[in-house]
């Protein structure tokens, strides 16, 4: 009986003497209630991507996505084009939408507008277009991003020599096989 009372007294004394447990906090810590904060650095806010699949259609470029919130980002893309006898450059602006509320991860719909200038045989022409892709994006905990999707675009001449841009006009498929990093 005395041993039992001694054990209770010792447990009570240790409990009364213990301090509250506290986590170490540093100035670099970021508190977040974000749904998919993979680490203490908080949610991702920017991604830099390139689309090797666009090489199938004669384009090479890079895209930067800046998050506008949990469901949307602003994308800016620049490409070098080589379509048939024409070569040129294009700029694209888009708004990737993530309806599941997890940015840069999951199902996405990516509407976009673009403008291009092409040169062929000493003349040039300008093209404007609109399109969209839909697909799936994976962002790993370390930041690597893989995006796969498909869609369609329509392009129309808007100036210059229409012959210089004939290879760039009309409906065309969009393949999204982007690889990159999210920061």
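The values are calculated or read from the model by the stated rules, or taken from the named source; none is laboratory data. Not measured: the values here are computed from a predicted model. Note: ideal-geometry Cβ built from the backbone for every residue, glycine included; neighbour counts use all protein chains shown.
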So, of the residues in the stretch 12-56 that are modelled with pLDDT under 75 and in a helix (DSSP H, G or I), which turns out to be nearest to residue 172 (Cα to Cα)? 15
Quick one: would you say residue 91 is within 21 Å of residue 180 (Cβ to Cβ), surrounded by 14 or more Cβ atoms within 10 Å (Cβ to Cβ), at pLDDT 90 or above and in contact with a strand residue (DSSP E or B) (Cβ under 7 Å, 6 or more places away or on another chain)? yes
Of the residues in the stretch 99-115, how many are at pLDDT below 90 and either more than 26 Å from residue 71 (Cα to Cα) or surrounded by 15 or more Cβ atoms within 10 Å (Cβ to Cβ) (or both)? 2
So how many residues does the stretch 138-160 have that are assigned to a loop (DSSP other than H, G, I, E, B) and either touching a residue at least 40 places away in the same chain (Cβ under 8 Å) or under 17 Å from residue 81 (Cα atoms) (or both)? 2
Only one residue in 135, 129 is part of a strand (DSSP E or B), buried (at least 16 other Cβ atoms within 10 Å of the Cβ), in contact with a strand residue (DSSP E or B) (Cβ under 6 Å, 6 or more places away or on another chain) and touching a residue at least 40 places away in the same chain (Cβ under 8 Å). Which one? 135
Step by step: first the residues of the stretch 54-71, then only those that are closer than 17 Å to residue 148 by Cβ and within 11 Å of the chain's Cα centre (by Cα), then the one that is surrounded by the most Cβ atoms within 10 Å (Cβ to Cβ). Which residue is that? 65
Consider residue 84 carefully, then state whether it is touching a residue at least 60 places away in the same chain (Cβ under 8 Å), at positive phi and touching a helix residue (DSSP H, G or I) at 6+ places or on another chain (Cβ under 7 Å). yes
Give just the number: which of (1) closer than 17 Å to residue 52 by Cα; (2) in contact with a strand residue (DSSP E or B) (Cβ under 7 Å, 6 or more places away or on another chain) does residue 82 not satisfy? (2)
Just checking, does the stretch 159-175 include any residue being surrounded by 15 or more Cβ atoms within 10 Å (Cβ to Cβ), within 17 Å of the chain's Cα centre (by Cα) and closer than 16 Å to residue 49 by Cα? yes
